[in-house]
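Undergrad: Please find one structure pasted underneath; my questions will follow.
The values are calculated or read from the model by the stated rules, or taken from the named source; none is laboratory data. Not measured: the values here are computed from a predicted model. FYI the Cβ positions are ideal-geometry reconstructions off the backbone, even for glycines, and counts take in every protein chain you see. The accessibility values were calculated without ligands, DNA or RNA, using every heavy atom of the protein model including side chains. Shrake-Rupley method; radii C 1.70, N 1.55, O 1.52, S 1.80 Å.
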Amino acid sequence: MRWIALLLLTGFALAQPTPSFRIEEVARNLGVPWSLKFAPDGRLFFTQRDRATIGVSALDLRTGRITTYEGEAAVRDEGEGGVMGHELDPAFARNNKLYICYSYWKDGVQSENNRRNRLSSFILSAGRLTQEKVLLDEMLGWWNHNGCRVVWGPDNKLYVSMGDAGDAPSNVPGEFGFAAKAQSLKLLAGKIFRINPDGSIPTDNPFYAQTSGAARAIWTLGHRNPQGLAFQPVTGLLWSTEHGPNTRDELNIIRKGRNYGWPRCAGTQPFGTTLTVAADNITFNCTGGDLRESYQPALREYAGGNEPTIAPSNLIFYSGNAFPQWKGNLLFVTLKTGRLYRLELQGEQIAREEILINNQYGRLRDLAVGPDGFIYISTDNGQILSLKPNL
Ligand SMILES: [Ca+2]
C-alpha cells in the first residue's frame, strides 16, 4: 500500500495542472508571417512569405508599430515558396546582421527546371535590407516542400532545412528526381545543411570528404519537408519536426550524418520492414545495406494508425519565466490541425504530451518566446497572437 501511495503521489507531482492562460491578438493582416525571432531590444522580427522582393519586418510590441525593411532580391512567390525562415546573428545588436532563406527563379527565368531556394545574409542599414551575401545557393525548390527553417547552433554554425522539392527534376545528370532526391548526396534537396556564417563549409561535416561543392554542407539526409528546427538548451541536441505524406508526421532528433529515411521509410518504421500506407498508396521498403547503419527512425510519429495527420510547423524549447512549470518543454505548432503542442521530455523520451490550442485560430506557422516570457504565435490568417498566464 505504501508503494502505491508513493506512486500516486509521484504521479500527481509529475502531472501538474495546466496553468490558466489567455490568448490575445497583437497584430493582424500580415499575410503569412512565416518566421518569428526576437531581437535583443525586444522587437519581434518576422518574415512574410508572399512577397515579390526580399524583405523583413519588425514589430514593436509596446507601440504596435511595424517597420518593414525591403531589399533588392526578387523572390519566387508561389505556393509554399517565398520569404521563409530567418535568424538573427548573435551579435545583431552590434552588427544588424540577419540570415534569410527564400525562394527564387534561377537566372530570373520562370520555368519547371528553375525553381531554387537560397540562404543569404543581409545587413539592416538606413531602413533597408542591404549587402546581400549568398551563403548557400541553388537548393532545389518546387511550389511545395521548400524547407527553409534557419537556426544558429551552439557551435556557431548555421543550420538550414530543405524539403525534397516535390516533383522537381534532378539538376545533376544521373541522379534521382522526385522524392528520391532526398537520398542523393549530390542534390541539395531533402537535407539539413550546416555551414559557417560566412558561407564557407565546415571541414568536419559528415560527408565533406566524399562530396564536392555545396553538397559538402549536408549534415543529414532523407528528409521530406522539415519545417521545425530548434536546439535544446543544456543538451545541445538539434530537434526537428517534419511533414510526412498523408500520414506519419515526424519528430526527430537530428544527429550528424544520419539518414532519416524518406522516401524509403516513414515515421518510426524500423529498418528491415515493409510498410504499406493505404492513405498514401505507397509501400515503404525500409531496406538496403546503406540504410542498415545510417537510418534514423523518427522519435515520434503523428498519424500512425487512425490518428489524423497534423502537419507540424516550427518548434521551440520554452525558456521564459511567465510559465515556470513549462521551462525546458518542447512546444510546436501545426498547420493542418491548428494546434499548439506541449511536450515534457525525460532525456530523449516524451513523458507527457498536451494540446494547448486546438484549431481555434486556423493554421499555426511559427512561435517564439518573448522577453516577457509570453509565447508569440503566427497564423496563416495573418495574425500574431500572444499566449500569457491568467494571474
Ligand atoms: Ca523519416
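Undergrad: For the chain, set up a GNM with springs between Cα atoms under 10 Å and report which of N205, N144, N156 has the largest fluctuation.
TA: Looking only at N205, N144, N156, the largest GNM fluctuation is found for N156.
Undergrad: Give me the compactness ratio for the stretch 221-272, meaning the Cα radius of gyration over 2.2 N^0.38 Å. Intermediate values should be presented prior to the final figure.
TA: On the way: Rg = 11.2 Å, N = 52, 2.2 N^0.38 = 9.9 Å.
Compactness ratio reported: 1.14.
Undergrad: From the C-alpha coordinates alone, can you work out the Kirkwood hydrodynamic radius of the stretch 80-145, in Å?
TA: Working: mean 1/r = 0.0787 Å⁻¹.
Roughly 12.7 Å, rounded to one decimal.
Undergrad: OK, next. Suppose accessible area is computed on protein heavy atoms with a 1.4 Å probe; arrange I66, I23, I100 from highest to lowest.
TA: On the way: I66 65, I23 45, I100 0 Å².
If we order I66, I23, I100 from most to least accessible, we get I66, I23, I100.
Undergrad: Measure off, as a whole percent, the carbon and sulfur share of the 1.4 Å-probe accessible area of the chain, all protein chains present. Don't skip to the end; give the middle numbers.
TA: Numbers: 8220 of 16310 Å².
Carbon with sulfur: 50 percent of the solvent-accessible area.
Undergrad: At 222 nm, what helix-only mean residue ellipticity would the chain give, in deg cm²/dmol to the nearest 500, using -39500 (n - 2.57) for each DSSP H run of four or more?
TA: Numbers: 3 runs with 23 residues, N = 391.
Mean residue ellipticity at 222 nm (helix-derived): -1500 deg cm²/dmol.
Undergrad: What figure in square angstrom, to the nearest 10, would you give for the accessible area of E348 with a 1.4 Å probe?
TA: Approximately 70 Å² of E348 is accessible to the 1.4 Å probe.
Undergrad: Under a 5 Å amide H to amide H cut-off, with H placed in plane at 1.01 Å, what residues pair with G147 once short-range neighbours are removed?
TA: G163
Undergrad: Probe radius 1.4 Å, ligands and nucleic acids left out: which of V150, V26, V109 has the largest accessible area, and how do the rest follow? Each step should come with its number before you reach the end.
TA: On the way: V150 0, V26 55, V109 75 Å².
Largest accessible area first, the list is V109, V26, V150.
Undergrad: Would you mind listing how long the stretch 266-313 runs along its three principal axes, going by Cα atoms, in whole Å with the largest first?
TA: Sorted from largest, the Cα extents of the stretch 266-313 read 33, 23, 15 Å.
Undergrad: So, one more: Which whole-number value in Å² is the accessible area per residue of the stretch 23-389, probe 1.4 Å?
TA: Values: 13920 Å² over 367 residues.
Accessible surface, normalised per residue, equals 38 Å².
Undergrad: For L356 and R300, compute 0.36 nm times the residue count separating them, minus their Cα-Cα distance, and round to one decimal in nm. Provide the component values of the computation, followed by the final result.
TA: On the way: separation 56, 0.36 × 56 = 20.16 nm, distance 1.86 nm.
Length gained, L356 through R300: 18.3 nm.
Undergrad: Suppose the chain between A279 and N246 were pulled fully straight at 0.36 nm per residue; how much longer would it get relative to their current alpha carbon spacing? Don't jump to the answer; show the numbers that get you there.
TA: Details: separation 33, 0.36 × 33 = 11.88 nm, distance 0.64 nm.
Here the answer is 11.2 nm.
Undergrad: May I pose another question? Using label points projected 7 Å from each Cα along Cα→Cβ, tell me how many nm separate F178 and N156, to one decimal.
TA: For the pair F178/N156, the computed spacing is 4.5 nm.
Undergrad: Quote to one decimal, in nm, the extra length available between N390 and I66 on full extension: 0.36 nm per residue of separation minus the C-alpha distance between them. Before the final figure, lay out the partial values.
TA: Details: separation 324, 0.36 × 324 = 116.64 nm, distance 2.70 nm.
Extra length from N390 to I66 when fully extended: 113.9 nm.
Undergrad: Between R255 and A52, what is the label-point separation in nm under the 7 Å Cα-to-beta-carbon projection?
TA: Output for this residue pair reads 4.9 nm.
Undergrad: When the chain is treated as a GNM, springs tying every alpha-carbon pair under 10 Å, which of W34, W326, W219 comes out with the largest mean-square fluctuation?
TA: Among W34, W326, W219, the largest mean-square fluctuation in the Gaussian network model of the chain belongs to W326.
Undergrad: Which of V56, V172, V277 ends up with the largest GNM mean-square fluctuation for the chain, with Cα atoms connected below 10 Å?
TA: Among V56, V172, V277, the largest mean-square fluctuation in the Gaussian network model of the chain belongs to V172.
Undergrad: Could you work out the Kirkwood radius for the stretch 241-391, taking every pair of different alpha carbons, averaging 1/r and inverting it, reported in Å? Can you show the working numbers first?
TA: Details: mean 1/r = 0.0603 Å⁻¹.
In the stretch 241-391 this quantity evaluates to 16.6 Å.
Undergrad: What are the lysines whose alpha-carbon lies under 21 Å from the alpha-carbon of K186, with same-chain residues fewer than 8 places away excluded?
TA: Within the straight-line limit of under 21 Å, K186 reaches these lysines: K106, K256.
Undergrad: Follow-up. Between Q346 and T203, what's the calculated FRET efficiency when r is the beta-carbon distance and R0 is 45 Å? Round to 0.05. List each step's numbers first, then the result.
TA: Values: r = 36 Å, r/R0 = 0.79.
That pair, Q346 with T203, gives E of 0.80.
Undergrad: Mind listing which trypsin sites (Lys or Arg not before Pro) in the stretch 311-342 are in a DSSP loop and have 13 or fewer other Cβ atoms within 10 Å?
TA: On the way: sites: K327, K336, R339, R342; in loops: K327, K336.
The qualifying sites are K327.
Undergrad: Provide W105, W142 ordered by accessible surface of protein heavy atoms (probe 1.4 Å), highest first.
TA: Details: W105 45, W142 25 Å².
Putting W105, W142 in descending order of accessible area: W105, W142.
Undergrad: What lysines sit close enough to K388 to cross-link, taking a C-alpha to C-alpha distance under 23 Å and skipping anything fewer than 8 places away on the same chain?
TA: K37, K327
Undergrad: Right, here's the next one. Can you give me the Kirkwood hydrodynamic radius for the stretch 149-210, using every pair of distinct Cα atoms, in Å to one decimal?
TA: Numbers: mean 1/r = 0.0792 Å⁻¹.
Roughly 12.6 Å, rounded to one decimal.
Undergrad: Over the alpha-carbon set of the chain, work out the extent along each principal axis and list the three values in angstrom, largest first.
TA: 69, 56, 37
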